[in-house]
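The values are calculated or read from the model by the stated rules, or taken from the named source; none is laboratory data. What you see is a predicted model, and the numbers here were worked out from it, not measured in a lab. Every residue, glycine among them, receives a Cβ derived from its backbone with ideal geometry; neighbour counts consider all protein chains shown.
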């Protein structure tokens, strides 16, 4: 996902506070290391996100767990003053929100412990999803991260050659993600949602 804002209009790094002042009410943008990115959510991108959200909501409802899906909320890591991610799909543990310092006033999370699952839908600048967010979400301790590359835009080291639509399931093991790329009718194995019955194709075809 994401393309960077024209550098002519962004000469200096932007802090999180500045970002919130300028873009806080617009869910098209996120901030990474002081650089503002336009998420450019296309219709197909939103269809994949909506499909995952619908399936996860069914799972949450069936378990009775105090979780809910937050779309387009901000994830502002507590250890960074220059980054505010805006994941496509976030599964939040409601019981953990009492520890979130900003939640009562803003739709902003700061702690990985509040998040049970995160997903990104790749639509333009795939490097952030496959590299930076893999590192940062792991550091935050988010146990499961999906990268839904429905258009096959990622580098060949991530999605194979020839390129093809790929769902990458990242599972946190000893502080790092083990990444399982899935294609076609391969079943998804989710630790967060063990009863989920989906294939990679079902998720990826929602955007085609």
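In this structure, residue 58 does not qualify as modelled with pLDDT of 95 or more and surrounded by 15 or more Cβ atoms within 10 Å (Cβ to Cβ).
Looking only at residues of the range 169-189 that are in contact with a helix residue (DSSP H, G or I) (Cβ under 7 Å, 6 or more places away or on another chain) and in contact (Cβ under 8 Å) with a residue 24 or more places away in the chain, we find that the one that is nearest to residue 204 (Cα to Cα) is 170.
Of all residues in the range 1-35, those satisfying the criterion of being in a loop (DSSP other than H, G, I, E, B) and modelled with pLDDT of 90 or more are 13, 14, 15, 33, 34. Contact map, the range 84-96: first residue over 26 Å from residue 33 (Cβ atoms), second residue modelled with pLDDT of 95 or more and crowded, with 24+ Cβ neighbours inside 10 Å, Cβ cut-off under 8 Å, separation 6 or more or different chains; pairs are 93/115.
Among the residues of the range 116-131 satisfying the criterion of being touching a strand residue (DSSP E or B) at 6+ places or on another chain (Cβ under 6 Å) and at pLDDT 90 or above, which is nearest to residue 34 (Cα to Cα)?
Filtering first and then ranking leaves 129.
Do you know which residues across the range 147-188 are under 18 Å from residue 89 (Cα atoms) and more than 18 Å from the chain's Cα centre (by Cα)? Within the range 147-188, no residue meets the criteria. Among the residues of the range 36-49, the one identified as modelled with pLDDT of 95 or more and surrounded by fewer than 17 Cβ atoms within 10 Å (Cβ to Cβ) is 47. Kindly indicate whether any position in the range 187-199 is part of a strand (DSSP E or B) and crowded, with 21+ Cβ neighbours inside 10 Å. No, the range 187-199 contains no residue that is part of a strand (DSSP E or B) and crowded, with 21+ Cβ neighbours inside 10 Å.
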